[in-house]
Amino acid sequence: MQTGEQKQWRVFATTFIVTIAVLFPTLMIGLFVLDPYGTRRVTLIDPPGVRAQGTRTEHASRARDHSFDSVIIGNSRMQALHPERLTQLTGANFASLTIPGTRPKEQLTMLDWYLRHREASPRVILLGTDIFWCYGDKTLKTVNPFPFWLYEEDTLAYARGLVRFNALEEGVRRIEYAIGGRDRARPDGYWDYDPIYVAHGHEEAEKQHLLLQYKPEDVVNLTGQFPALEMLRDMLPRVPSDTLVVFMVPPTFVSGQPREGTPEHATEQACYSALTEIAQSRPRTIVIDWNGVRPETEDPAFYFDQIHYKGKLARVLEETLAARINADLELIPAKLMAKPYRKLRTDMVN
């Protein structure tokens, strides 16, 4: 026979379980309808854009914005490129879908999401293809957390991803944003990292001394197989034939470039040869390779560290990119579109 205390605990336990069983599904349905990251799977509450929350989640909304017909995709090595300036220089409306600390797996996920939500052919896709595309790891390992669930095509997988406390918090912030209580993230996605590096002392003598030390990325893959590039090759047929695709090998300061005769150098050469072959297999596809010894890679005033260049070098890159993009958007007649482009090195550009 149960005591009064036991009955109270039983009533409490039953009430708690029933409450959770009712409240949790209701909460999740509400969160799904709120669409905290602006994926537009549901549009009952659909203010333009999203609040400033970090590029890993902001891009779920930004990549669906049809006012942008061109994109920059990559990691922090593409982040300094200014989409507004590329828009001014080319007439194509650029957004930046760059995410610091990402590798090819996340960048291919972003490209996939962008392509799935286009109503018209993109004009330009500018993809950063740095040395991390050269790993031999077939799993395309990542080094930082990334919400792959947010970019899933499967709605159920997305819904499962919402089952986390930070998504619930973001749902509350979404309501605040919808009623004007929070600022909108910059629509074109540009994020100037120069002030951050300056604040962390990268302009000081000690950091500048480190810049001069030989320090290439430790990427060695002598198999001749580059899984990330193969995944890129497989995705390219989904890109409309009238879209210009630009693979950009971002500049590296000379002390960060591998020396000839090293395994790292052999890896780089084989990898970028494979990248060139992929570009040649598709019309309206070019490679702009900023590696090598040239004024843009020898001047330490252009760099915070071996791989992160300053805004003033980004302005130089934008001019070169715009010149090539304009040539292809405006001057290529239809009868030549079936011909592949040869790899362009920036030392061929005046």
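The values are calculated or read from the model by the stated rules, or taken from the named source; none is laboratory data. Everything numeric in this text was worked out from a predicted model, so none of it was measured. In this analysis, Cβ positions are derived from the backbone assuming ideal geometry, glycine residues included, and neighbour counts consider all displayed protein chains. Keep in mind that these areas ignore ligands, DNA and RNA; they rest on the heavy atoms of the full protein, side chains included. Shrake-Rupley method; radii C 1.70, N 1.55, O 1.52, S 1.80 Å.
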- prompt: Where only protein heavy atoms count, and the probe is 1.4 Å, what is the accessible area per residue for the stretch 155-304 in Å²?
  reply: 50 Å²
- line: Heavy-atom accessible area of Phe32, protein chains in place, probe 1.4 angstrom, given in Å² to nearest 10, is 50 Å²
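Please work out how much length the chain gains when fully extended from Ile29 to Asn326, using 0.36 nm per residue of separation minus the C-alpha to C-alpha distance, in nm with one decimal. List each step's numbers first, then the result.
Details: separation 297, 0.36 × 297 = 106.92 nm, distance 4.70 nm.
Here the answer is 102.2 nm.
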The chain: most fluctuating residue of Phe165, Phe68, Phe132 per GNM, C-alpha cutoff 10 Å: Phe165
query: How would His202, His59 rank on accessible area, largest to smallest, probe 1.4 Å?
result: His202, His59
- request: List every residue whose amide H lies under 5 Å from the amide H of Val249, counting only residues 5 or more places away in sequence or on a different chain, with H placed 1.01 Å from N in the peptide plane.
  value: Thr129, Ile288, Asp289, Trp290
- prompt: Counting only protein heavy atoms and using a 1.4 Å probe, what share of the accessible area of the chain belongs to carbon plus sulfur, as a whole percent?
  reply: 57 percent
statement: With all protein chains present and a 1.4 Å probe, the order of Asp218, Asp46, Asp305 from largest accessible area down is Asp218, Asp46, Asp305
- line: Of the candidates Gln208, Ile131, Val172, the farthest towards the positive dipole end of the chain (Lys/Arg Cβ +1, Asp/Glu Cβ -1, centred on the Cα centre) is Val172
Cα-based equivalent ellipsoid, the stretch 35-178: semi-axes from gyration tensor eigenvalues, Å: 24, 20, 14
message: Please report the spacing between the Cα centers of the stretch 228-243 and the stretch 255-305 in Å, no decimals.
response: 21 Å
field: Amide H contacts under 5 Å for Tyr303, placed H, 5+ residues apart
entry: Lys310
field: Check: the stretch 95-251 dipole with +1 on Lys, Arg Cβ and -1 on Asp, Glu Cβ, in debye
entry: 380 debye
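Going through the DSSP H helices of the chain, which span 30 Å or more along their own axis at the Cα atoms while scoring at least -0.5 as a mean Kyte-Doolittle hydropathy? Spell out each step's value before the answer.
On the way: long enough: 4-34 (43 Å, 1.20).
Both cut-offs are met by 4-34.
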query: Taking the Cα centre of the chain as the origin and placing charges on Cβ (Lys, Arg +1; Asp, Glu -1), which of Phe146, Pro295, Met28 is farthest toward the positive end of the dipole?
result: Met28
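In deg cm²/dmol, rounded to 500, what helix-only [θ] at 222 nm does the chain give when every DSSP H run of at least 4 residues adds -39500 (n - 2.57) and the total is split over its residues? Spell out each step's value before the answer.
Working: 13 runs with 150 residues, N = 350.
Mean residue ellipticity, 222 nm, calculated: -13000 deg cm²/dmol.
Probe radius 1.4 Å, ligands and nucleic acids left out: which of Lys207, Lys138 has the largest accessible area, and how do the rest follow?
Numbers: Lys207 70, Lys138 170 Å².
Order by accessible area, largest first: Lys138, Lys207.
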field: Exposure of Met78 as accessible area (Å², to 10), given a probe of 1.4 Å and all protein chains
entry: 0 Å²
- request: Starting from one equal scatterer on each C-alpha and no solvent at all, send me the Debye-based log10 I(q)/I(0) for the stretch 229-297 at q = 0.19, 0.21 Å⁻¹, two decimals.
  value: -0.81, -0.92
query: Heavy-atom accessible area of Ile196 with all protein chains present, probe 1.4 Å, nearest 10 Å²?
result: 70 Å²
field: Debye, to nearest 20: dipole size of the stretch 204-304, +1 on Lys, Arg Cβ, -1 on Asp, Glu Cβ
entry: 340 debye
task: Work through the residues other than Asp183 whose Cβ is under 12 Å from its Cβ and net out their charges, Lys, Arg +1 and Asp, Glu -1.
output: +4
